[in-house]
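Working notes, beginning with the structure itself.
What follows draws every value from the coordinates through simple rules; no lab data is involved. What you are looking at is a predicted structure, and each value in this text was computed from that prediction instead of being measured. Using ideal geometry, Cβ is built from the backbone for each residue, glycine included, and neighbour counts are taken over all protein chains shown.
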Amino acid sequence: MFSDFVVKKLKTAQYKILKNGTYFGKIPSFKGVWANAGDLEDCRRELREVLEEWLLIKIRQGEKIAGFEIDFNRCELVKNA
C-alpha cells in the first residue's frame, strides 16, 4: 500500500537540469517535496527518500493525504506496543 503510493507519485515527478549542472526534481502535488543532486539517478533516489519521509510525518501527525488512505486504530497501536 505505502510502496504502491510512493511509486505512483514518483511517476508524476518533474525533473530539470539547473544552470549549475545539477538536477532538480519535485512532485507538484506535494508542497515541499523536492530534491537536488549531481545526476538524475541520485536526484530520483533523494526525491523518493524525501517523499517517504514527508508521508511518514504526515501520517504521524494524523493529516490527510490526497489519494492515500490508512485504516488503523491508534489506540490499538499504543496498546499493542
Whole-Hz couplings from phi, Karplus 6.51/-1.76/1.60, listed for the stretch 38-54; x for Gly and Pro: x, 9, 4, 5, 5, 5, 4, 5, 5, 4, 4, 4, 4, 4, 4, 5, 4
Could you pull out every residue, at least 5 positions away or on a different chain, whose amide H is within less than 5 Å of the one on V33? Hs are placed 1.01 Å off N in the peptide plane, and Pro or chain starts have none. I27
For the stretch 2-80, what number of Lys pairs, 8 or more residues apart or on separate chains, have alpha-carbon atoms under 22 Å from each other? 20
Going from the fewest other Cβ atoms within 10 Å to the most, one would list V33, V7 as V7, V33
Calculate for the chain the 222 nm mean residue ellipticity that helices alone would give, adding -39,500 (n - 2.57) per DSSP H run of length 4 or more and normalising by residue count, nearest 500 deg cm²/dmol. -14500 deg cm²/dmol
The stretch 2-80: C-alpha gyration tensor shape, a/c 1.5 cut-off, then a/b vs b/c: prolate
